[in-house]
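Chemist: Please see the structure below; I have some questions.
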Amino acid sequence: MKPVSANGAAASKRRAIRPSAARWASERPKGRQASFTKRVSAVFLMALSLAAMPFESRSSGPDVSFSSDAMVRGGLILLRVQGCESDDVQVVWMGKEIPLVRDREGTLRHGFLAADLNREPGVYPVAVRDPSSGFEKYFELRVNDRDYGVRKIRLPRAKVEPDEASLRRVKAEALAVNALWKAECRPPEWEGSFWMPVNNEIVGAFGQRSIINKKKRSPHTGVDIRGKTGAPVRVSNSGTVVLAADHFFTGKSVYVDHGSCIFSMYFHLDQIRVEEGEQIEKGGILGSVGATGRAAGPHLHWGVQINGARVNPLMLIELSRELDP
């Protein structure tokens, strides 16, 4: 995608949290943030009646640009904010404040605006505010529908229709995973582009409607990558392992928090080679390809969640390349 406004970009620094990252992680004054969020909520109600707005900010404020003015559900857009010295720049998208990461020079901030796979198509506002200068501006981005197609799978009945004991297990596992999404955003640990965890053919596309044993199931929220049992699985970017467990549906699974509310998930592993709380560098081996859980054969299911939105990991790879030096 060509950016609407050309800006240079670089990645956040890894591990040692710079003063800028520490400031990013600090809590904002609640009264000021609540007031801003209320105004953003009002904009949501008026979104359909607003006139089309420009996708570059006026010269009196920071330069705000987007990699595109539209995305599909399950997609994302790269946001850049340049020319602002304040540490209090706020961006709100779909009711959530978006974490921004500084480049190495500290002059450019970037973040990802994501639309969940189940997001209703339409026009949604983005609010950008710099309290120190009084700058406040609203933009509009469109979320388009997309037909991701259908996948049909046959599996043993026991893997599709759990008994009562297995259902209790599934519910407990879901609570553990949902707790990850409710935690506060951590400072950024990722840097530059995200990588494929296994370099092989995609055999299960993102977003496909699933029909398993002739019954409709939840859509596919990741990509399935072909692999031989035991082949190494590498983390797509630097982060901290926040969950490593053997789950009923996803099998041996690893969840990595990259900071900035970006998570990646690795399912159906044959072996897990990391522990919860362990920091792992981009490209480090976290496990091996397998067929554990509800899997028809050896492969890696790789998923990504950004600011609570389930998105296509391949789009993250594509956009994050723009952040490499």
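Chemist: Which condition number does Gly111 fail, the rest of (1) modelled with pLDDT under 95; (2) crowded, with 17+ Cβ neighbours inside 10 Å being met?
Modeler: All conditions are met except number (1).
Chemist: Considering only region 104-116, state which residues are in contact with a Leu (Cβ under 8 Å, 6 or more places away or on another chain) and either in a loop (DSSP other than H, G, I, E, B) or in the same structural domain as Pro313 (by TED's automatic domain parsing) (or both). Even if it seems obvious, please write down each step before you answer.
Modeler: Taking region 104-116 and keeping what is in contact with a Leu (Cβ under 8 Å, 6 or more places away or on another chain), we get 109-115.
Ala115 - this is the single residue of region 104-116 that is in contact with a Leu (Cβ under 8 Å, 6 or more places away or on another chain) and either in a loop (DSSP other than H, G, I, E, B) or in the same structural domain as Pro313 (by TED's automatic domain parsing) (or both).
Chemist: If you don't mind, another one. Spot the failing condition for Glu184; the list is (1) within 17 Å of His258 (Cβ to Cβ); (2) in contact (Cβ under 8 Å) with a residue 60 or more places away in the chain, and only one is missed.
Modeler: Of (1) within 17 Å of His258 (Cβ to Cβ); (2) in contact (Cβ under 8 Å) with a residue 60 or more places away in the chain, only one is false for Glu184: (2).
Chemist: Could you say which residue among Ala165, Ala205, Ala176, Ala172 is surrounded by fewer than 11 Cβ atoms within 10 Å (Cβ to Cβ) and not basic (Lys, Arg)? Explain how you work it out, then say what you get.
Modeler: Numbers: Ala205 fails: surrounded by fewer than 11 Cβ atoms within 10 Å (Cβ to Cβ); Ala176 fails: surrounded by fewer than 11 Cβ atoms within 10 Å (Cβ to Cβ); Ala172 fails: surrounded by fewer than 11 Cβ atoms within 10 Å (Cβ to Cβ).
Ala165 is the lone residue from the list that is surrounded by fewer than 11 Cβ atoms within 10 Å (Cβ to Cβ) and not basic (Lys, Arg).
Chemist: Could you list, in sequence order, the residues of region 242-292 that are of a type in the set (Asp, Glu) and outside any strand (DSSP E or B)?
Modeler: Start the filter on region 242-292 by keeping residues that are of a type in the set (Asp, Glu), which leaves 246, 257, 270, 275-276, 278, 281.
Asp270, Glu275, Glu276, Glu278, Glu281 - these are the residues of region 242-292 that are of a type in the set (Asp, Glu) and outside any strand (DSSP E or B).
Chemist: Quick check on this structure: which one of Val160, Val123 is surrounded by fewer than 17 Cβ atoms within 10 Å (Cβ to Cβ) and touching a Leu at 6+ places or on another chain (Cβ under 9 Å)? Give the steps one after another, and end with the answer.
Modeler: Details: Val160 fails: touching a Leu at 6+ places or on another chain (Cβ under 9 Å).
Criteria check complete, one pass: Val123.
Chemist: Would you pick out the residues in region 260-288 that are without any contact (Cβ under 8 Å) to a residue 40 or more places away in the chain and surrounded by 19 or more Cβ atoms within 10 Å (Cβ to Cβ)?
Modeler: Result: His268, Leu269, Ile272, Val274.
Chemist: Would you call Asp87 surrounded by fewer than 21 Cβ atoms within 10 Å (Cβ to Cβ), in contact with a helix residue (DSSP H, G or I) (Cβ under 7 Å, 6 or more places away or on another chain) and of a type outside the set (S, T, N, Q)?
Modeler: Details: surrounded by fewer than 21 Cβ atoms within 10 Å (Cβ to Cβ): yes; in contact with a helix residue (DSSP H, G or I) (Cβ under 7 Å, 6 or more places away or on another chain): yes; of a type outside the set (S, T, N, Q): yes.
Criteria met by Asp87.
The values are calculated or read from the model by the stated rules, or taken from the named source; none is laboratory data. A quick note: this is a predicted structure, and the numbers were derived from the prediction, not measured. Positions of Cβ are generated from backbone atoms using ideal geometry, with glycine treated the same way; all protein chains shown enter the neighbour counts.
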